[in-house]
Amino acid sequence: MTDLSLFEALALPFPPERVSWRIGKMKKDGSGAMALAYVDARDVMDRLDEAAGPGGWQCRYSHANGKTVCDIGVKVDSEWIWKADGAGDSDIEAEKGALSDAFKRAAVRWGIARYLYAIPSPWVKVDQYKQIETEEHKKLEELLKRHTVEIEWGSPEDRATLKALANTIRTMLTTKDDVRRFRAANSGVVAQLRVKAREHVEELLTRIEDGAEAREAA
């Protein structure tokens, strides 16, 4: 895996199984609602631990205009940078819900789970308990999977370009000098690739280098 910047590591999509769905706006007759994707606050904490290190982030809470405000500080190049957001009381366990919501909203300002806001919020059937019907979850899982693939690898057009680039690398580069020249000439292009696509290209280049080194040592 290639080294990711702190901000890239924070913004990586979560494994689909860590993403849940809740209901948003209800239909007037109560038969359906908009489905909204979200992650649990504990998963956000884990992401901060993984990307910044357990000692590389902190949070604090305050109150303003009837809202609970969370400030998340992350150590960036030995300097603490703070970003904040707030939330009002939720319908369930008001104080606890406000703390959790404010924390997750502040995390979004750092890029954590921000991609979920771009996922369409489809109308789904709900049961008498205002829960998403079981039959709707497969549709939501497929929607999340498609969106996550695009975030990680790019659009279908981007993926077609990546395939062509990978084929060129496999057929045209054979030596360590080839790889060095390729990196020098295409560093800007590679840097603009989505994370998974960039990792794929770097892994191909590393394999070619390793193969050339093995041949030289034989």
Residues satisfying the stated conditions in region 69-116, i.e. assigned to a loop (DSSP other than H, G, I, E, B), among the small types (G, A, S) and at pLDDT 95 or above: G111, A113
Quick check on S5: is it small (G, A, S), closer than 26 Å to V149 by Cβ and free of Cβ contacts under 8 Å to residues at least 12 places away in the same chain? yes
Hits in region 170-218 (condition: without any contact (Cβ under 8 Å) to a residue 40 or more places away in the chain and among the β-branched types (V, I, T)): T171, T174, T175, V179, V189, V190, V201, T206, I208
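Can you confirm whether G86 is out of contact with any His (no Cβ under 6 Å at 6 or more places or on another chain), farther than 27 Å from S121 by Cβ and either free of Cβ contacts under 8 Å to residues at least 60 places away in the same chain or basic (K, R) (or both)? Give the derivation first.
On the way: out of contact with any His (no Cβ under 6 Å at 6 or more places or on another chain): yes; farther than 27 Å from S121 by Cβ: no; either free of Cβ contacts under 8 Å to residues at least 60 places away in the same chain or basic (K, R) (or both): yes.
It is false that G86 is out of contact with any His (no Cβ under 6 Å at 6 or more places or on another chain), farther than 27 Å from S121 by Cβ and either free of Cβ contacts under 8 Å to residues at least 60 places away in the same chain or basic (K, R) (or both).
Which residue is surrounded by the fewest Cβ atoms within 10 Å (Cβ to Cβ), if the candidates are limited to region 1-37 and must be small (G, A, S) and under 30 Å from D77 (Cβ atoms)? Show your work before the answer.
Step one: of region 1-37, the residues small (G, A, S) are 5, 9, 11, 20, 24, 30-33, 35, 37.
Still in the running and under 30 Å from D77 (Cβ atoms): 5, 9, 11.
Working: S5: 10, A9: 17, A11: 20.
Among them, the one singled out is S5.
The values are calculated or read from the model by the stated rules, or taken from the named source; none is laboratory data. Small disclaimer: the values here were computed from a predicted structure and weren't measured. Because the Cβ atoms are built from the backbone with ideal geometry, glycine has one as well, and the counts that use them run over all protein chains shown.
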